[in-house]
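Data block below; observations after.
The values are calculated or read from the model by the stated rules, or taken from the named source; none is laboratory data. Computed from a predicted structure; not experimentally measured. Ideal geometry is used to build each Cβ from the backbone, glycine not excepted, and the neighbour counts take in all protein chains shown.
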Amino acid sequence: MVRAVPSMAGQVVLLTGAGSGIGAAAAQELKARGACPVLVDIDRHMIEPLAQTLGDDTLCVVADVTDMAACEAAVQAALKRHGRIDVVWANAGVAAFGQLAHIDPIAWKRVIDVNVIGVFNTVRTALPHVMAQQGFIAVTASSSSFAHPPALSAYAASKAAVEAMCNAWRIELAAHHVGVGAIHAAWVRTPLVTEGALHPGFVRLRQTMPRKMNVEVDAAQAARLMVDGIARRDRRIWVPGWVRWLHWLRALLHTPMGERELLSAAPDIERHYLEGLAAEGRLASSFGPRELQRAQERARQGSTAP
């Protein structure tokens with residue numbers, strides 16, 4: 001049965017990670033449905049042009065979600081412009097690649113800071129205003145919430161954490177008539193995925209997956225499914241629909257049978273990583289180009305701080 005999708009016209013949606021990928025596609029989808037997206041991203045050069053394409057009334061705020069004060073400033077900017085927040089969508093996320101023995105600790109920690117602490121900061125600062133509207137909390141989790149691939153331990157840990165957070169918050173906030181939805185997506189064609197394809201170890205990892213589970217969904221299509229779920233206030237949003245079966249079978253994923261292909265591929269993945277490490281260095285081997293650039297900028301700012 002196809003469920004009706006309620007209108008989102010006029011709803012104010014605070015959206016993090018709005019500068020590219022799922023976030024940018026979601027901003028366009030929300031605007032097309034008559035919602036009022038408030039775009040939050042760490043990269044000014046990404047969200048300002050996007051906001052201009054969506055119309056002069058589209059608010060964008062530059063903020064690092066790991067900074068609670070910056071998240072609070074984004075919330076206050078949304079309230080000043082629109083007077084309320086109906087939906088907070090914690091979408092900002094990063095990934096790092098590498099085995100426990102080799103990954104740069106800075107990269108591993110950054111994933112947790114953005115994907116877990118950033119989600120908490122985003123939701124916590126917006127929560128009083130979402131509660132006032134009896135609104136909705138959406139968090140971009142992943143199929144990696146329950147399928148935990150090698151060399152992506154930080155990403156898998158972060159997405160398992162936010163799934164757990166959503167489960168707890170859903171119960172806590174039910175009496176306040178606030179809905180909570182975890183978004184579980186498989187491969188979505190975003191810069192995060194296309195940058196991953198630059199690493200031979202990541203390519204080898206994807207070769208372990210069945211063909212159907214390895215197909216990439218276009219970001220615009222993914223955004224439509226996600227916004228449909230948010231409009232319906234779904235507890236879980238599957239992108240694409242078959243991910244629900246993976247969730248139901250999660251207990252089998254990390255049995256010896258379920259891990260067989262990954263165990264076979266793990267030495268190749270490690271070899272590719274070590275080759276990259278020797279050629280590029282630890283941080284460059286752990287991060288994709290965009291996050292590497294951000295890490296280098298943070299390091300420069302730290303070295304010039306008084």
Of all residues in segment 2-25 being over 13 Å from the mean Cα position of the chain (by Cα) and not aliphatic (A, V, I, L, M), which is surrounded by the most Cβ atoms within 10 Å (Cβ to Cβ)? Gln11
Looking only at segment 188-203, which residues are buried (at least 19 other Cβ atoms within 10 Å of the Cβ) and not β-branched (Val, Ile, Thr)? Leu192, Gly196, His199, Gly201, Phe202
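Kindly establish whether Met226 is part of a helix (DSSP H, G or I) and at pLDDT below 95. It would help to see each step written out before you state the result.
Numbers: part of a helix (DSSP H, G or I): yes; at pLDDT below 95: no.
Here the answer is no, as Met226 does not meet what is asked.
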Going through segment 129-147 one residue at a time, which ones are of a type outside the set (Ser, Thr, Tyr) and buried (at least 19 other Cβ atoms within 10 Å of the Cβ)? His129, Val130, Gly135, Phe136, Ile137, Ala138, Val139, Ala141, Phe146, Ala147
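So which residues in segment 174-204 are of a type in the set (Val, Ile, Thr), at pLDDT 95 or above and in a loop (DSSP other than H, G, I, E, B), if there are any at all? Talk me through it step by step, then tell me what you get.
Going residue by residue through segment 174-204, those that are of a type in the set (Val, Ile, Thr) are 178, 180, 183, 188, 190, 193-194, 203.
In the following step, the residues that additionally are at pLDDT 95 or above were identified as 178, 180, 183.
Selection gives Val178 alone.
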Can you confirm whether Arg81 is touching a residue at least 40 places away in the same chain (Cβ under 8 Å), over 18 Å from the mean Cα position of the chain (by Cα) and under 13 Å from Leu14 (Cα atoms)? yes
Can you find a residue in segment 205-218 that is charged (D, E, K, R), surrounded by 15 or more Cβ atoms within 10 Å (Cβ to Cβ) and at pLDDT 95 or above? no
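On the basis of being closer than 18 Å to Leu15 by Cα and crowded, with 20+ Cβ neighbours inside 10 Å, does Gly229 make the cut? Spell out how you get there, then give the answer.
Numbers: closer than 18 Å to Leu15 by Cα: yes; crowded, with 20+ Cβ neighbours inside 10 Å: yes.
Spelling it out, Gly229 is indeed closer than 18 Å to Leu15 by Cα and crowded, with 20+ Cβ neighbours inside 10 Å.
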Could we say that Leu292 is at negative phi, touching a residue at least 12 places away in the same chain (Cβ under 8 Å) and assigned to a helix (DSSP H, G or I) here? no
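For every residue, the table says whether it meets (1) modelled with pLDDT of 95 or more; (2) buried (at least 18 other Cβ atoms within 10 Å of the Cβ); (3) among the basic types (Lys, Arg); (4) assigned to a helix (DSSP H, G or I).
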| position | (1), (2), (3), (4) |
| --- | --- |
| Leu127 | yes, yes, no, yes |
| Pro149 | no, yes, no, no |
| Glu163 | yes, yes, no, yes |
| Glu172 | yes, no, no, yes |
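Can you spot a residue in segment 283-291 that is of a type in the set (D, E, K, R), farther than 21 Å from Thr194 by Cα and surrounded by 11 or more Cβ atoms within 10 Å (Cβ to Cβ)? Show your work before the answer.
Within segment 283-291, the subset of a type in the set (D, E, K, R) is 290-291.
After this cut, where a residue has to be farther than 21 Å from Thr194 by Cα as well, the list is none.
So far as segment 283-291 goes, no, none of its residues is of a type in the set (D, E, K, R), farther than 21 Å from Thr194 by Cα and surrounded by 11 or more Cβ atoms within 10 Å (Cβ to Cβ).
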Kindly evaluate Glu29 against the criterion of being in contact (Cβ under 8 Å) with a residue 24 or more places away in the chain, over 23 Å from Glu291 (Cβ atoms), surrounded by fewer than 20 Cβ atoms within 10 Å (Cβ to Cβ) and not β-branched (Val, Ile, Thr). no
Which of the residues belonging to segment 148-189 are under 23 Å from Trp108 (Cβ atoms) and of a type in the set (Phe, Trp, Tyr)? Tyr155, Trp187
Quick one: which of Leu246, Leu262 is of a type in the set (A, V, I, L, M) and within 20 Å of Val162 (Cα to Cα)? Leu246
Pairs please, first residue from segment 184-204 and under 23 Å from Trp242 (Cα atoms), second anywhere and modelled with pLDDT under 80 and crowded, with 19+ Cβ neighbours inside 10 Å, Cβ atoms under 8 Å, 6+ apart in sequence or on different chains. Phe202/Gly196
Those residues that are farther than 17 Å from Val94 by Cβ, of a type in the set (Gly, Ala, Ser) and either in contact (Cβ under 8 Å) with a residue 60 or more places away in the chain or assigned to a loop (DSSP other than H, G, I, E, B) (or both), I need them from segment 295-306; list them, please. Ala305
Does segment 129-140 contain at least one residue that is more than 13 Å from the chain's Cα centre (by Cα), more than 25 Å from Met8 (Cβ to Cβ), assigned to a helix (DSSP H, G or I) and at pLDDT 95 or above? no
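Counting only residues that are in contact with an Asp or Glu (Cβ under 7 Å, 6 or more places away or on another chain), give me the helices (runs of 4 or more DSSP H) lying completely in segment 236-287 with at least 1 of them. Break it down into steps so the answer makes sense when it comes.
Values: elements: 243-248, 250-253, 260-280, 282-286.
Qualifying helices (runs of 4 or more DSSP H): 282-286.
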Would you mind listing the strands (runs of 3 or more DSSP E) fully within segment 21-110 where at least 2 residues are modelled with pLDDT under 95, under 21 Å from Ile183 (Cβ atoms) and among the hydrophobic types (A, V, I, L, M, F, W, C)? none
